[in-house]
Amino acid sequence: MPFASHIVKRGRMYQYVRRVPEDIADRFPYSRIQRSLRTPEKARAFEAAARVHAEVEQQFAHARRNKGATLDLTPVDDWEWPDWRLLADWFKAILIEDDWQARSRQLPGAAFDTGVTRSLFWRDSTVAQAHLDLRATLREMTISRYAEERIGYVQSIVRRLGVPVSKSSPYFERFMGACLRAELEYLTIFFDREGGRMEEAPHPDTIKGKWRKAAEQLREQRAISLGIDITKTKKAGKTLTDCFEQWKRDRQQANKKTTRHGADEKELAIEDFQKHARVRDIGEITRAHIIAFRDHLFTTGLKTPTVNKRVGQITTLLATAQRAGWIDTAITGGIYIEIPAGTNEREPFDRAELDVVFGQDVFRKGVRSENPKAGGELEFWIPLVSLTSGLISSEIIQLGPDTVVPHPDHPEIICFEVSNAGGRSIKAHARKRYVPVRKELLDDGGFLALVENARQKGWKTLWAAAEQKASVTSVSNMFSSFWSDRLRNELSIKDPLKTLYSLRHNFRDALSAAGATQDEKNQLMGHAEAGTGKKYGTKKKPRVVDIVRLNELIQSMKLPLLDRIEWPSP
């Protein structure tokens, strides 16, 4: 839903919070809109937010009309019912296409074979539940109620074409009725896909409505009025991939490292954006493309920080193009969604929650999920390594036979070596470090057997899932999705501040209880030194630390739940 990112819980009550767009900020006496939804219940909050969202969209549209900022809208004065019916068909097709793109992003080729598990086609369970709730709501709606409550959503979709939807149109209610039917038909296809049926659907581009010709004519008229030769506008002859290559060259010239993780993130963003916008030449990318891409990402279930980050990859590449002289202006300002204070922080699990997390069958009975997102043995080891060593998931996924090693100065201490050796990527130089392995993982857990198995098979990592996937990012994203779904839906830990990353906070708390100093905690967790002191000393290798002391801290952390783990047989 396009308004989902604007719903924030403040205290007991939900609120609708939204920044006024930059292009019409001078038309409002305030910088953001904040309205109480007057309910502590999420379902009712979404219902109330839909009405508020539609009203706010109308206010914004009115402000743009008064400002003369609607020059890119397609004229619809001569449209008749067949034209509006085609637009409803396009509306349905774009919903189906957006769903397909969301599914296909992580879909392996095996999914197209016969007889494969249906779970390969599934969307995230939270997305599926939202669709179930929506279908139940839509089935109860009259056309007049749908027109009132869903106009904002319909407008947000057809805005990609520049088509205005106004209540003053003589075809308004009939068109909204067609959109109601389109949404219900789309939901049928959505749940067919959840069952493994992936039948062909018409692509939105195959629907030839008046908006195509009108948009081109409007573009030509504006260019002529400005005295511009339209044959020389727009196209730059470069793609986002060209921008990516230039970005890497710029980094190299500035003596800055390009990590594999950072490269993967940009390549994923480029692929997602080009699939959604269907624009390859950077000269034709507009602000509307970026905004539509941002709103599309929300429909896939991504969180606000992730959406902002992925959109930021595209704007960074366009800024690179501007510096290279390929385009005259980049796209900046008013793109990102503000993250309400406190919503991006993380909290450690309390003792009862840790017992729930590590009381699962995967830790007590040796059970492994068949869900491909679980990553096989990663399901067992990522939480345990994170809790006992403070490594983040991407660091754990990149562990290999050459990174579980005796410390060079104290070979009796087995460590995880976190570095960028062997083409690995880490978030920052400070993350290079040796972290002693907790004794239970070595003595009882058979972790060294896992290492030996990977060495004999010639793997770069310790994990079959990581060897089969294209990138660390894709494995990490799938596991995080799987783990979050289990945390919320199976373990009933609903607090949004409790995530997989929370185990790293539990690790730090356990270190504090064991008597670790601030500097010792920073050394083990890969946090940078602060202030002027960070300018001095070694920078090309892991910091010189007292590994014996750090090992004592790791081994003395009080983690009684480890005694109840069913460790894999060596």
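The values are calculated or read from the model by the stated rules, or taken from the named source; none is laboratory data. Since the structure is predicted, the reported quantities are computational estimates derived from the model, not experimental observations. Cβ placement follows ideal geometry from the backbone for every residue including glycine, while neighbour counts extend to all protein chains displayed. When the accessible area is computed, the model is the full protein with side chains, heavy atoms only, and any ligands, DNA or RNA have been set aside. Shrake-Rupley method; radii C 1.70, N 1.55, O 1.52, S 1.80 Å.
Please report the accessible area of residue 501 (heavy atoms, 1.4 Å probe, ligands and nucleic acids excluded) in Å², nearest 10.
For residue 501, the solvent-accessible surface is approximately 90 Å².
Quick one: if you stick a label point 7 Å off each Cα along the C-beta vector at residue 368 and residue 518, how many nm between them?
4.3 nm
Tabulate in residue order the Karplus-calculated ³J(HN,Hα) for region 262-270, using 6.51 cos²θ - 1.76 cosθ + 1.60 with θ = phi - 60°, rounded to whole Hz; enter x for Gly and Pro.
Each residue's phi maps through the Karplus curve to give x, 5, 4, 4, 5, 5, 5, 5, 4 Hz.
Sorted by accessible area (1.4 Å probe), largest first, how do 491, 391 line up?
Heavy-atom accessible area, descending, gives 491, 391.
Give the ranking of 558, 235, 9, 210 by solvent-accessible surface, highest area first, calculated with a 1.4 Å probe.
My answer, sorted largest first, is 558, 235, 9, 210.
Contour minus end-to-end for residue 452 and residue 248, with contour as 0.36 nm per residue of separation and end-to-end as the Cα-Cα distance?
69.8 nm is the gain from fully extending residue 452 to residue 248.
Please report, in whole Å³, the volume per residue of the convex hull around the C-alpha atoms of region 169-209.
67 Å³
Got a number for the accessible area of residue 132? Probe 1.4 Å, square angstrom, nearest 10.
Roll a 1.4 Å probe over it and residue 132 shows about 70 Å².
Check residue 33: other-chain or 5+ apart residues with amide H under 5 Å from its amide H, H built from backbone geometry?
Here the answer is 18, 19, 20, since their amide H atoms fall under 5 Å of that of residue 33.
With θ set to phi - 60°, apply the Karplus curve 6.51 cos²θ - 1.76 cosθ + 1.60 along region 433-438 and write out the HN-Hα couplings as whole Hz, x wherever there is a Gly or Pro.
5, 9, 10, x, 8, 4
Considering only protein heavy atoms, what per residue accessible area in square angstrom results for region 278-328 with a 1.4 angstrom probe?
41 Å²
Ranked from the most accessible area to the least, with a 1.4 Å probe and all protein chains present, what is the order of 460, 365?
I get 365, 460, largest accessible area first.
Modelling each spin label as a point 7 Å along the Cα-to-Cβ direction, I'd like the residue 167/residue 144 distance in nm, to one decimal.
The two pseudo-label positions are separated by 1.3 nm.
How many nm is it between the label spots at residue 38 and residue 256, if each spot is 7 Å from the Cα in line with the beta carbon?
So the two model labels end up 5.0 nm from each other.
Using modelled backbone amide H atoms (1.01 Å from N, in-plane), which distant-in-sequence or interchain residues come within less than 5 Å of residue 163's amide H?
74
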